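The values are calculated or read from the model by the stated rules, or taken from the named source; none is laboratory data. Because the structure is predicted, anything quoted here is derived from the model rather than measured. Cβ coordinates were reconstructed from backbone atoms using ideal geometry, including for glycine residues, and neighbour counts include every protein chain displayed. The protein model used for the area step is the full one, side chains on, heavy atoms only, and it has no ligands, DNA or RNA in it. Shrake-Rupley method; radii C 1.70, N 1.55, O 1.52, S 1.80 Å.
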Amino acid sequence: MSRFIVGLAVAAGALVAWPAAAAAPIGDYGKLPAVEFMRLSPAGDLLAYIAVAGDQRRVVVRKADGGDLFAINVGSLKPRSIDWLGAGHLLIETSATLGNDPTAATEVRQETFQSTIVDTATGKAMNVFSGERLIFHATWGFEGYARDAGKEWAYFRGLTLSGSGEAFHDFSTGAGYITHGHTDLYRVDLATGHPERVAGGSEKIDTSWVVNAHGAVSAHTEYEPEKGDWRFYADAGDKALIADAANPVGDISLIGQGRAEGTVLVERPAGGDKGDFTLVEYNAATTAPEVALFGDARVRALLTDPDTGLLIGGVTNADDPRTILFDPALQTKFDKVSHAFPGERVRLVSATANLDRMVMFTEGAGDSGTYFLVDYPTRKITAVGWAYPTILQGDVAKTRVVPFKAADGLDMQGVLTLPPGRDAKALPLVVLPHGGPEDRDYATFDWWAQAFASRGYAVFQPNFRGSAGFGKAFRDAGYGEWGRKMQTDISDGVAELARQGLVDAKRACIVGASYGGYAALAGVTVQRGLYRCAVSVGGISDLNSMLKWEADRYGERVAALRYTHLYMGVKSNGDARLDAYSPRRLADKADAPILLIWGKDDTVVSIEQSRDFVDALRGQGKPVETLELPGEDHWLSREAGRVQMLTAAVAFVEKNNPAK
């Protein structure tokens with residue numbers, strides 16, 4: 001063990017032991033990670049990752065032991081993932097927000113994915129389905145990689161034009177539309193880019209497939225959104241039914257291969273009260289009983305064998321994440337290396353099949369996120385990338401979990417980030433509820449929370465009822481509580497922090513995005529007398545208006561709408577009871593200044609949710625400020641948009657709730 005620790009100190013110590021310095025500019029916290037999606041090649045000799053170069057992002061391929069091979073500029077597209085396809089090709093997934101036919105009466109914008117295959121020997125890149133007349137030039141899911149008959153193939157869901165269907169798209173300008181299409185499974189020759197149809201879907205059924213390393217379809221699932229019926233088959237056709245279930249909110253997912261060839265992994269809601277979701281392994285070739293993997297733990301990332309694509313383990317979503325490997329020998333290797341990072345949160349990002357080479361990601365006290373390359377045989381650990389290189393060691397605020405009880409006695413917790421260099425006593429507070437609402441926050445480096453902490457604020461991120469990862473009973477306790485107990489859970493957490501003397505509850509603002517943006521607006525309308533200001537980024541202001549927008553966009557009978565009904569506690573759109581929990585309907589009661597920020601390319605929450613609320617507030621003479629971000633989406637995927645948002649939000653909070 002000591003040899004690992006010595007190796008770390010020699011290879012990386014000089015790079016991470018930064019001197020104390022003034023806090024970084026706010027814009028540095030808003031920047032995109034300087035390095036992300038780092039992946040090690042199956043042989044362990046190459047690294048691929050996304051790097052930020054000025055205002056552009058690029059894919060870099062370099063030798064693991066040093067020296068760049070080539071880089072590809074991503075341009076205006078937004079990188080979403082990188083994967084190795086065998087030893088010699090990379091798959092780069094990017095997205096763009098596309099609009100519909102400009103002559104259409106109503107504009108519908110959606111996030112559309114493009115898959116690019118890169119030959120790492122030549123640097124040559126080709127876009128999947130580009131130039132195909134009868135396939136839309138975008139992809140709807142990557143389903144596997146295979147070697148078969150001396151060829152290498154990648155498998156994708158593609159949108160096939162049918163009947164009188166037609167399509168147009170231009171990723172560079174953001175224009176596109178499609179009519180009369182359905183998803184089929186295609187295999188794409190990595191050498192030529194030529195696609196071949198493998199299996200078919202239909203226009204009214206969502207279909208997913210799992211492909212093994214030899215190119216055979218191990219299983220497929222079908223989901224009928226209108227009926228909410230889910231079916232699972234052990235073949236490419238509809239002959240070998242393994243399982244079926246009622247799935248009204250669409251929360252059963254086909255994930256990929258299991259631990260052995262012929263096994264398939266499905267994520268589905270847990271049956272008991274401990275886990276909210278469980279990963280179940282089915283043997284598609286036999287009638288063997290299903291196996292629940294990882295016990296009660298929910299997994300935030302899966303680990304697969306780079307050669308076969310089979311499942312070898314996963315990383316749990318706990319506050320202190322655990323990397324679980326099914327092979328005891330591999331677990332021992334990982335555990336030995338992880339002990340070289342005392343006090344850090346360590347997770348395995350990428351590795352060779354035998355874990356002789358690994359890419360680890362660490363974060364914790366004094367660490368804003370570091371990638372390390374581990375060479376197990378030589379006991380050498382080298383820092384190879386930093387997520388936020390200008391956020392120096394002394395600027396990284398400490399985080400911890402704070403348990404508390406809601407007013408009705410339900411146990412819950414939240415993440416508290418404390419400002420560096422200040423006593424944790426009667427601090428000014430920024431409350432930062434998460435989106436989702438079925439999501440959660442962790443005691444990790446959060447760029448938004450860290451930015452506020454750097455300016456002297458304590459930051460509280462409450463995991464209110466309905467949040468993910470705390471068990472089925474906790475999640476279900478959020479149903480029907482949108483704007484009700486989900487909202488008061490937040491203020492109950494603030495009250496506990498004040499009771500402990502950590503914060504001054506009279507010096508608090510509430511800030512959030514998406515559902516968190518709704519919670520921020522509700523904090524000064526549905527609730528009142530609690531916050532000095534509120535900031536909403538892409539938040540919801542009118543619940544019935546949101547439901548109508550979803551229905552108009554996707555149809556009355558879709559899983560997403562049924563899911564939202566569950567959390568809002570209604571069975572249909574237009575329920576008048578929701579007006580009492582809609583900030584826009586309560587604009588006259590707003591009791592604090594409000595800043596509304598939205599991306600013009602938001603495809604998740606209608607931008608009219610913000611614009612209409614601005615009009616309502618101004619009509620009541622209430623103080624409101626606005627910021628529209630051109631070319632920005634719901635997730636703040638562009639650096640310019642993130643920096644603009646963060647700069648405006650911090651300045652607004654400092655004006656209305658000074659930290660000093």
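Observations
- Evaluated at q = 0.13, 0.17, 0.22 Å⁻¹, the base-10 log of the normalised Debye intensity for the range 501-628, with identical point scatterers placed on the Cα atoms, takes the values -0.51, -0.84, -1.27.
- Helical contribution to [θ] at 222 nm, DSSP H n ≥ 4, -39,500 (n - 2.57), averaged over the chain, rounded to 500: -5500 deg cm²/dmol
- Lys/Arg +1, Asp/Glu -1 at C-beta; the chain dipole; positive extreme among VAL74, LEU159, THR112: VAL74
- Normalised contact order of the chain, rounded percent, pairs of Cα under 8 Å and 6 or more residues apart: 11 percent
- Interchain or long-range residues, amide H under 5 Å from ASN247's placed H: ASP229, TRP230
- Size descriptors for the range 591-644 (Cα atoms only): Rg and Dmax, in that order, 11.9, 35 Å.
- Taking amide H atoms as placed 1.01 Å from N in the peptide plane, the amide H of GLY466 lies under 5 Å from those of ARG475, ALA477, GLY478, each 5 or more residues away in sequence or on another chain.
- Between the range 585-630 and the range 340-390, the alpha-carbon center distance in angstrom: 42 Å
- Listed pairs LYS31/LYS600; LYS227/LYS600; LYS336/LYS398; LYS204/LYS600 exceeding 23 Å between Cα atoms: LYS227/LYS600; LYS336/LYS398; LYS204/LYS600
- Mean shadow area of the range 435-538, taken as a quarter of the surface of its Cα convex hull (nm²): 6.6 nm²
- Debye log10 I(q)/I(0) at q = 0.13, 0.21, 0.32 Å⁻¹ for the range 188-233, Cα point scatterers: -0.39, -0.80, -1.17
- Once the convex hull of all Cα atoms in the range 401-487 is built, its volume per residue stands at 99 Å³.
- Taking the Cα centre of the chain as origin and assigning +1 to Lys and Arg Cβ atoms and -1 to Asp and Glu Cβ atoms, the resulting dipole is close to 1840 debye.
- Relative contact order computed over the range 178-235 (Cα-Cα under 8 Å; 6+ residues apart), in percent: 23 percent
- If the segment from ASP189 to ILE72 were pulled out straight at 0.36 nm per residue, it would be longer than the present Cα-Cα gap by 40.0 nm.
- Per residue convex hull volume, Cα atoms of the chain, in Å³: 157 Å³
- Considering only VAL431, PHE445, LEU392, the residue lying farthest towards the positive end of the dipole of the range 390-451 is LEU392, judged by Cα position with unit charges set on Cβ.
- Dipole of the range 512-660, positive direction: furthest Cα of SER541, VAL650, TYR531, with charges on the beta-carbon: TYR531
- Distance cut-off 18 Å, percentage of C-alpha pairs in the range 184-330 lying past it: 61 percent
- With contacts taken as Cα pairs under 8 Å at a separation of at least 6 residues, the range 372-498 carries a relative contact order of 24 percent.
- Within a straight-line Cα-Cα reach of under 24 Å, LYS333 can be paired with the following lysines, leaving aside sequence neighbours fewer than 8 residues apart in one chain: LYS63, LYS380.
- At a probe radius of 1.4 angstrom, the accessible area of the range 479-584 per residue rounds to 36 square angstrom.
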